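Take a look at the structure set out below.
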Amino acid sequence: MNLDHIKNSYLEHIRICIESDAWGAGLLRSFTDYWFAYHKQGPFLNSKNNPKWHNNPSSVKDKDALLGMHFISDMAFDVIEQGSDVKIIKEHSIPINVIREILIQQKPLTITDIENILLRFYRLGVLTKEEDKVLNEKGLRSSMPASWDFNENVFSRYEVAGIKGKLLNQ
């Protein structure tokens, strides 16, 4: 099975969405998440090389994948290291609707252009459920801080919410 070919097929799907301006409900989330799974491989694919989503992750069972993400809050890291049953979540550090806007503004022409954008802006964070509530209370559930621009920290939502953590796998 050629995993790189599969990864590129999801980039091609994204290119078609951009070209046709047909995003559909949840398509970009699915295509970017699939792309990421095939890009990273390892704990992001199951034994049949299908993506594993790690929704409602277990700090024990999903430890390798969680530690393979880009940002882990200090509180979530403690949960993972202790194997605690405190609820943690995986989330997009830059919300998918913001990534969509970046793709529209940048107008990538090739799948290489698209992949370069995703390599810069697609980041996964691991937070506790309580920290996720703080993001929501600050109005950052699906948006970046009002003053954010593309040249700033991709983790600025966490900074604004006062969530401290570790940057991994950059």
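Of all residues being part of a loop (DSSP other than H, G, I, E, B) and of a type in the set (D, E, K, R) in the stretch 42-65, which is least open to solvent (accessible area, probe 1.4 Å)? Just the residue, please.
Narrowing the stretch 42-65 to residues part of a loop (DSSP other than H, G, I, E, B): 46-50, 52-62.
Subset that is of a type in the set (D, E, K, R): 48, 52, 61-62.
Values: Lys48: 147, Lys52: 81, Lys61: 160, Asp62: 17 Å².
For the stretch 42-65, the residue satisfying everything is Asp62.
Note on the stretch 66-109: residues that are within 18 Å of Trp35 (Cα to Cα), of a type in the set (A, V, I, L, M) and open to solvent by less than 20 Å² (accessible area, probe 1.4 Å) total 7. Only residues that are open to solvent by 50 Å² or more (accessible area, probe 1.4 Å) and of a type outside the set (S, T, N, Q) were counted in the stretch 1-14, giving 5.
Determine whether the stretch 22-32 contains at least one residue that is without any contact (Cβ under 8 Å) to a residue 24 or more places away in the chain, within 29 Å of Ala161 (Cα to Cα), surrounded by fewer than 21 Cβ atoms within 10 Å (Cβ to Cβ) and under 12 Å from the mean Cα position of the chain (by Cα). Explain how you work it out, then say what you get.
So in the stretch 22-32, the residues without any contact (Cβ under 8 Å) to a residue 24 or more places away in the chain come out as 22, 24-27, 30-31.
Now narrow it down to the ones that are within 29 Å of Ala161 (Cα to Cα): 25-27, 30-31.
Keeping just the survivors that are surrounded by fewer than 21 Cβ atoms within 10 Å (Cβ to Cβ) gives 25-27, 30.
Retained after the next criterion (residues that are under 12 Å from the mean Cα position of the chain (by Cα)): 30.
Checked the stretch 22-32: at least one residue is without any contact (Cβ under 8 Å) to a residue 24 or more places away in the chain, within 29 Å of Ala161 (Cα to Cα), surrounded by fewer than 21 Cβ atoms within 10 Å (Cβ to Cβ) and under 12 Å from the mean Cα position of the chain (by Cα).
Pairing each residue of the stretch 139-151 that is closer than 18 Å to Leu124 by Cβ with any residue that is open to solvent by 50 Å² or more (accessible area, probe 1.4 Å) and modelled with pLDDT of 90 or more, provided the two are 6+ apart or on different chains, yields C-beta distances under 7 Å for Leu140/Val160; Ser142/Asn97.
Only one entry in Leu119, Leu124 is open to solvent by 60 Å² or more (accessible area, probe 1.4 Å), under 22 Å from Phe44 (Cα atoms) and aliphatic (A, V, I, L, M), namely Leu119.
The values are calculated or read from the model by the stated rules, or taken from the named source; none is laboratory data. What you see is a predicted model, and the numbers here were worked out from it, not measured in a lab. Using ideal geometry, Cβ is built from the backbone for each residue, glycine included, and neighbour counts are taken over all protein chains shown. Calculation scope for accessible area: heavy atoms of the full protein, side chains included, ligands and nucleic acids excluded. Shrake-Rupley method; radii C 1.70, N 1.55, O 1.52, S 1.80 Å.
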